[in-house]
Every structure is written in C-alpha cells, then in structure tokens.
There are 2 protein chains.
Amino acid sequence: MDKFAVLGCGVVGSGVVELFLKNKALIEKRCGKALEMGYILDLRDFPDRPYADLLVKSIDPILADPEVTVVAECMGGVEPAFTFVKQCLEAGKSVATSNKELVAAKGDILLATAKAHDCNFFFEASVGGAIPIIRPLHKCLAANDFSAIAGILNGTTNFILNKMIKENMDFSTALALAQEKGYAEKDPTADVEGHDACRKICILSSLAFGKHVYPESVHTQGIREVELKDVELCAGLGYAIKLIARVQRLENGKILPTVMPMAVEEDNLLSQVNGVYNAVMVRGDGISKVMFYGRGAGKLPTASAVLGDMIEEVQLSHTIPSQTWVNAGTDDFIEDFSAFTAKRYVRTTSADVPALTAAFGEIGERTVSTEDGETVFVTENAMNAAAVDAAAAKLAAQGIQVLAQYPVLVS
Amino acid sequence: MDKFAVLGCGVVGSGVVELFLKNKALIEKRCGKALEMGYILDLRDFPDRPYADLLVKSIDPILADPEVTVVAECMGGVEPAFTFVKQCLEAGKSVATSNKELVAAKGDILLATAKAHDCNFFFEASVGGAIPIIRPLHKCLAANDFSAIAGILNGTTNFILNKMIKENMDFSTALALAQEKGYAEKDPTADVEGHDACRKICILSSLAFGKHVYPESVHTQGIREVELKDVELCAGLGYAIKLIARVQRLENGKILPTVMPMAVEEDNLLSQVNGVYNAVMVRGDGISKVMFYGRGAGKLPTASAVLGDMIEEVQLSHTIPSQTWVNAGTDDFIEDFSAFTAKRYVRTTSADVPALTAAFGEIGERTVSTEDGETVFVTENAMNAAAVDAAAAKLAAQGIQVLAQYPVLVS
C-alpha cells in the first residue's frame, strides 16, 4: 500500500481529496495497488470535514513517513511550496503539482532534484487544467521534432474576449462579469496582463525544447487595451481576437515565445474555443498538428490532472527520462521579440488604399471601411514590430493614424 | 542499448523507419538510452533502400535476438499479425501496433499475454492516428469515472461528408474524389459502412470501461444512405451531419456503443472538424469534457504514435496496470440498441405541424419547409428507434412520409 499527502487544502487540494474519495476503487485499479490518503497539510483548521484527523500543520510528519510515496502540491505561489516540494523530492517522494508559478520559476531545479533522488516531479495540472498536454507532449508525441505550440491558456481572458465577440460587451463590463462569476480574481492583473498565460507557455516551451524558459524572457502583452471596436471589425474580416500564448522555433534554432492578443482566422479551431475553455495546438514533423481542448481551470478538472499524475507516480520506481529540461545556463537560445513577424490586422483613420499600400505593402481583399471613415485591413506581408512602426510613421506624415494593430496567427 | 524490429514495411512501417532515422537523437534522449533499428520483417524485397540489410522474411531471428526489446507491428489484419505479436509478447518483447483490427478482435488476449510476460502491448496508433488518445485516457484522465466518448474516428467519411456540407457535392462524387486523393480504398466498404470507426470505438470503450467490446456487439451504420438534401437542410437548422462513433454509460451500468451518422450542433466543436481530421470528445466526472483533435491517418502521423509507444516501452521494465481490459466472459454489459434514445432531426413530406406534433411530440422552433413541400424539424423528445418507427407509422396513416431521420448528438 502507498500513501499520499496533499499540501494545501484550498480549491484544488480539496478537489483532489474529493475526487480521490469518490473514485478510490477505480483509481486503485489503475494504480495496480492500494492507495490511501495519509496527510493533508494546511495552516487552517477544517474540524467539520470527514478527513480532519489527517490534517497536519508541518511538513515534517509527511517527510518522516516512509509509506508516503506521492505528494500533491496544491498550495500555489513559489514559497513555501518550493521548499516543501524540494524536501519531498529529496526524501524520494514523487510530487504532482498544479502550481504553474512554481514550475515556471523553479522547474529546472525541481526536475534535477527528482532525478538525483530517482523519483518524479509531474505537473500536468499546471497547464490547461483538465486538458492532457504535458504527458502527451513528452510521451505520445516523443518522436516529433516540435516546431510550434500555440494556445488559449487562460480561461479568464478567453471568457472576457468571448463576451466582447459574442455579446458586444466592452472590456470593463466583461471583466466585471468574470469577477462576479468567480472566473477572475479581485485583482485580475495576472490574468488580464497575460502573466498567467506566460507562465504556462514557459512550461510548454521548456518541455518541448529542453531548456528552462523564464517568464522574464517572454514578450508578454495582455488584453486590457483591446477595444470592442477592433473585436467587431476583426470579426467582420473573418478573425477572432484571442489571447494567444505561443512559441515557435526559428530557422536559426532559437525559440521565440510570446503572449499577446492575436487575430485568429475563423477556420482555425482555436478561434472557436469559447468561454473559460482552453486549447493548445502543437506542431511537429510527424504529427503535422494536433489540438487539445478542455476546461483550463476549476476544482475537479484541475484535481483530475493532479490525480492522473499521482496514479502514474505510484507505478513508477524510477525517474522517467522523457519529461525533463535543464537550466539553459548562459546559452542564448531565446530569440529577441524583434524577430517576431506576422501579417497584421490594422485599423486606420483613412480609406486611402494607395496610401495604406504605400506604407504597409499589399493589403488583403477584405478591406472594410466604417461609417466614421475608419478602415481595417490585413497585410499580405509578415511584418515585425519595427516595420509596423515604420509604416505607421509613413502614414502619420500624411495625417493618417494607425489606431490599432494585431498580429495574425498562422497555425 | 535496445534494439527494435518493425513488422510490415508498408505505409506505416516505412513511416516508423523514416521518422526514427530523422529524429534518432531526440528519440534516444527521450528514451533515456540508445535505440537501434534491428530488423524489418516483410515478405517483399526493398533492395534499394538504405536499410535493406535489416530485412528478414521470418519472425524467428527477431524472437531469438535478446537485444530486441520492442517490436512495432504495422502489418494490418488479424493474421499473421496476431500470431507474431503473441510470440513477441511471450518472448518478453513489448509491442506497439497501429493495427486497429487486431486490437478490436484480440486486445483482451494480447493484453493478458503481455501481463503474463511482464511486458507491454501498446496501441496509441490504432485510434485517431497522430492524436494522443489511448494514453491520455488511461493515464492523464485515470482519476475519472467516464460517462461518454464521442468522436469522428474515420477521416475518409469525414472528408466525404465535409465535401457534401461545404461544397454541395453528392455522396458518389465525394467518394470518387476521396478515392482519387488516396483517402479512400478502391473497396471503400470498411470506411463507408462504418466498420473502421466501429473497431476504434470498440478499443476506446474497452479501455474506458475495462471489458472487451467486440465489433459484432456495436450497432453500426455507415454514410452510404446520407443524402445531400439532408446535409443541406440539417445545416439550415444549425447542425452538421457527421459519422459519430460513440459510447455512453447508462444508468443501469451497462454501456451502449454506436456508430452512425448523427446531427451535431454547430456550437459543438466536433461539428467544426473538417476534412480528413479526426477528433474525440471524452466525458468524465472530474474533467467535464476534453477533446483531442488531429490527423487520423497517414504515414508520419501514424508512425509518430507508434514511435511514441515504443519510446515509452523501452523505458518500462514491467507491465503497466492502467492500460488494460479483460474478456467480458458471459457478463452482459452491453445494452441493446433499442435503449438508445436521442432527439431526432426528421424530414417529412408535409408541413402540417399539428400532424407532425401529434406523431413526434413537440418539435423545435427551427422548423423549415422547402419549396417542394418537404419539412424538416428537430424533436424536443429523445426517442428510440421504435418510437421513431411508431411516429412514422402514425404519419403514414395520414399519407405523410418520413423521408429521413438522424439522431442529434448531445455531447
């Protein structure tokens, strides 16, 4: 019999307990052995819950119990989670975590610690909630040389953009609704500014390309500036504006991770991902492309992913080699954002097509002008930020303003 | 160092060789050890290929070589694949197969053989080609009690239906085009009649619910009877007709697997799966729902899945307990098709709503009548086949004919 401990009994931790108790028999069958809940670490008291006798307020009894082979870390934040997880791994106990902040900040260290002590550090729940993505990436797709990953990795911002797209709600109203429904925090910064999606694309980039990618090296732009007008005009051209977390491998071998609102063509399935759902598209040389879709957050969806990791961990007696990455050291493998090029959706104050073409090059056929004299179009050329700025400057000299622009996702 | 053998050097087998040679370095890294190609079994000669020296025409040298730890079976068909795979497993060699016919017919026996000899029998490539579905189901989602699976599991029929939906092509023309493009065989029976999709839903049902489901116990209906008129009228009501392979667990604990054309609502992502792509939606108590999408067939996509299995197999020293099912023996766990109920899309010869309602109960608001006097609608009630027949008989007594009907997918 194996025992497990749960660190942190908030939303996700209590979900792990709930789902384990509900499906204990089938979980044990899939583990191939008996599994018992040993400890729940939380500083709070939960006297009324059936498992109150399992509550501890220190990591020590968990570390000291040789029957505990697996630990679920659901505390969130870097500390004390990092210290506790490292101690568990050093004691040879495998850890499953839902904590993307921890993995994005300390993944390389914790993976090395797990390897040194022949146990495993799994984090399926840290990206895309219920969606299987981490294990498919390093196991099912392990024969592939990856070229790009693009996803909708934050449900809160997707909910907000979806309300803007489908119900013509402006950003502030949609954000307030997300907060009312409990999808957005009181302080929505991490979601709205793209930091949450950034942590997740760091994790996927690290896993797909083998070296730790830190959030600070990712160009990250949120959705606070997205205007309802652009959402509507973009839809008129056949695109949906989505917050896309993306990484691509360039011809020079470097990778370029980004988080920003992008215009996604209607025939790309990512444009059809609505509400709080997440989706991830992966490109590789064997698969062409595959997509994963599901609930990106929530109590039981996230708990499902944590428990899935724990079920595999109790079966493993050694560190698996496929799910890992290393510290990049001084290796300069992340390309500067100036190398990012894409076709652009552009909104300007003028319908003067010759002037627009002189500045932006050929523009697509689906140019639309509005009653107030504004014009939107999509460029034929892939442009980097500097080229967009230069085009805008050229137009400004003629008294034409570029009011908004978004890169178009090619996937 | 581990060595592997490839049984069958047709499309998939040669894809395994090609992708392995292309990505050998990263495959070995993910394996955590060196991996070499040892043998290729095929009755044909390939003197011009670089690996001609590895060709053998008998299974014996493969069975006799203790360095061969993993075997890729890409022959197709039940025999001699079954005999060879069983011999490999009995020799303690793990097998990865792309052969859905083999898994659907003999999965329980081969899983038991693998277990008896402490090796593994994997078949990620047998369902959905490149799409990770087998491993996510039994690993990532292992904490879930599954309630339903619904998928587009045959690319050929999806291509044909898609041509009908998007380009108003009739069935025969679309089939001929699929044959011309190499998506459909000269004898398209297995695809068009739903047998291929049936084998795949058998595999998914067996894995999700733990007992072997044989193709003979699945109600299977193909797309040969689907008329362009229904595809168009159904689209007018907001549905796409898709060949859906599905299994649901009923309240009595039995399961009900089916393969048939169904009307899929536009806001269901499955309705947006176009061309030769496949997709699978899985429902469970933890995840709510997740979907997997990608190329359901093809040389490299299928090879990617076979190699992904092989990469995990070389890392494993024991049979894993989560990916298995048993022979159902005399256990009557598959519900009769008469228990299948769904709302129905119906096309009739009359617009007489009171008469239609008297027969089918309340009908949806989006009733549409055509110029030639036909009327299509969707019932509010979920009905089984007998109830549909009874309603049709009631209308027939009034001189009204039911020209076509399709169940509506609820997912």
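What follows draws every value from the coordinates through simple rules; no lab data is involved. Computed from a predicted structure; not experimentally measured. No Cβ is skipped: glycine too gets one built from the backbone with ideal geometry, and neighbour counts run over all protein chains shown.
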Set B:LYS100/B:LYS211; A:LYS115/B:LYS3; B:LYS3/B:LYS29; A:LYS200/A:LYS242, cut-off 19 Å on Cα-Cα distance; pairs above it are A:LYS115/B:LYS3
For segment A:341-409, the Cα gyration tensor yields equivalent-ellipsoid semi-axes (√(5λ), largest first, whole Å) of 16, 14, 10
Restricting to aspartates and glutamates and to Cα separations under 19 Å from B:LYS166, and discarding same-chain partners fewer than 8 apart, the set is A:GLU265, A:GLU266, A:ASP267, B:GLU180, B:GLU225, B:GLU227, B:ASP230, B:GLU232, B:GLU265, B:GLU266, B:ASP267
Restricting to Cα pairs under 8 Å and 6 or more apart, the percent relative contact order of chain B works out to 18 percent
In vacuo Debye sum over C-alpha of segment B:1-113, base-10 log of normalised intensity I(q)/I(0) at q = 0.17 Å⁻¹, listed in q order, is -0.81
For B:LYS394, the lysines lying under 27 Å Cα to Cα, once residues fewer than eight places off in the same chain are dropped, come out as B:LYS229, B:LYS343
Taking N as the number of residues in segment B:227-332, the ratio of its alpha carbon radius of gyration to 2.2 N^0.38 Å works out to 1.41
Given GluC sites (Glu not before Pro), DSSP loops and at most 16 other Cβ atoms within 10 Å, the longest exposed-site-free stretch of chain B is B:68-184
Two pseudo-spin positions, 7 Å from Cα along C-beta at A:LEU403 and at B:GLU180, lie apart in nanometres by 4.6 nm
For chain B, the dipole about the Cα centre with charges only on Cβ (Lys and Arg +1, Asp and Glu -1), to the nearest 20 debye, works out at 820 debye
Per the 1/(1 + (r/R0)^6) rule, R0 = 35 Å and r from the Cβ atoms of B:PHE333 and A:GLU266, FRET efficiency to 0.05 is 0.25
Ranked by GNM mean-square fluctuation in chain B (Cα springs under 10 Å), the top entry among B:LEU316, B:LEU270, B:LEU26 is B:LEU26
Distance in nm between A:SER172 and B:LEU43 label points, each 7 Å along Cα→Cβ, equals 7.6 nm
Chain A, Gaussian network, Cα under 10 Å: of A:LEU307, A:LEU43, A:LEU175, the residue fluctuating most is A:LEU43
Segment B:288-308 scanned against label point 7 Å out from A:ASP145 along Cα→C-beta; backbone N under 19 Å for B:299-308
Projected onto the charge dipole of the protein assembly as shown (unit charges on the beta-carbon of Lys, Arg, Asp and Glu, signs +1, +1, -1, -1), the Cα from B:PHE159, B:ALA72, A:GLY296 with the largest positive-side position is that of B:ALA72
re segment A:297-372: pairs of Cα atoms spaced beyond 15 Å account for a percent value of 77 percent
Quick calc, the protein assembly as shown, dipole around Cα centre from Cβ unit charges on Lys, Arg (+) and Asp, Glu (-), nearest 20 debye, gives 840 debye
With +1 at each Lys and Arg Cβ and -1 at each Asp and Glu Cβ, the charge dipole magnitude of segment B:235-348 around its Cα centre, to the nearest 20 debye, comes out at 500 debye
Projected onto the charge dipole of chain B (unit charges on the beta-carbon of Lys, Arg, Asp and Glu, signs +1, +1, -1, -1), the Cα from B:PRO407, B:GLY308, B:HIS195 with the largest positive-side position is that of B:GLY308
What the 10 Å binned alpha carbon P(r) of the protein assembly as shown shows, as percent of pairs per bin from 0, is 2, 13, 21, 24, 21, 12, 5, 1, 0
One point scatterer per Cα, no solvent, Debye formula: log10 I(q)/I(0) for segment B:140-264 at q = 0.10, 0.18 Å⁻¹ comes out as -0.34, -0.92
Kirkwood Rh for chain A from C-alpha pairs, in Å, is 22.6 Å
Connecting every pair of Cα atoms under 10 Å apart in chain B and solving the GNM, the largest mean-square fluctuation among B:VAL71, B:VAL17, B:VAL218 falls on B:VAL17
The equivalent-ellipsoid semi-axes of segment A:280-332, taken as the square roots of five times the Cα gyration tensor eigenvalues and listed largest first in whole Å, are 24, 21, 14
When the charge dipole of segment B:7-63 is computed with +1 at the Cβ of Lys and Arg and -1 at the Cβ of Asp and Glu, the Cα pointing farthest to the positive end, of B:PHE46, B:LEU63, B:VAL17, is that of B:VAL17
Summing -39500 (n - 2.57) over every DSSP H run of at least 4 in the protein assembly as shown, dividing by its residue total and rounding to the nearest 500, the 222 nm mean residue ellipticity is -10000 deg cm²/dmol
Here the relative contact order (percent) of segment B:341-409, from C-alpha pairs under 8 Å and at least 6 apart, is 49 percent
From the cross-link list A:LYS254/A:LYS289; A:LYS289/B:LYS289; A:LYS86/B:LYS93, the entries with a Cα-Cα span beyond 28 Å are A:LYS86/B:LYS93
So, with points 7 Å from each Cα along the Cβ direction, the B:ILE109-B:LYS229 label distance in nm works out to 4.8 nm
